[in-house]
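Reading through the structure tokens given below for one structure.
The values are calculated or read from the model by the stated rules, or taken from the named source; none is laboratory data. Model, not experiment: these values are computed from the prediction. All Cβ positions, glycine included, derive from the backbone under ideal geometry; neighbour counts span all protein chains shown.
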Amino acid sequence: MKHDSIQIRYGDTILDDCVSAIIVPEIAMAEPGYIKTMTAGMVAHSKHEFHAMAQMAYYQNQDEELDVVSVSAPIRIEKGTEIEEISSGMLIYRDSSGVFHVVIHELLNRKKMLEATNRYCTRWVRLDI
């Protein structure tokens, strides 16, 4: 794994070109405080980057332009020694070329998950929560 990137695993798939990720477990639909973020280069403007990611993913989904992969296996996100795993939820990530992608567990409502994430990130920026 590269030290300046985030690695994503689900099933037999391994992606190591991720620079920013929003981790959204299914419970975040009821309690948004469970949403977590991860970035390869923790910088002062990160929360604005995550807000833009959530908003762009939401809009790209509405326009049917979002790259979405449905999975049944747990999603594992690693950056160095930091590891997160979600057995049911969604991951929004940005690759090094700036393209947004979503990995979401089958049977979850993508639209509602993206709406909840967008709302949370908007409040985070506005209220500095």
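Things to note:
- Tally, over segment 85-105, of residues that are at pLDDT below 95 and out of contact with any His (no Cβ under 9 Å at 6 or more places or on another chain): 5
- Considering segment 25-82, and only residues there that are under 14 Å from the mean Cα position of the chain (by Cα) and of a type in the set (Ser, Thr, Tyr), the residue that is modelled with the lowest pLDDT turns out to be 46.
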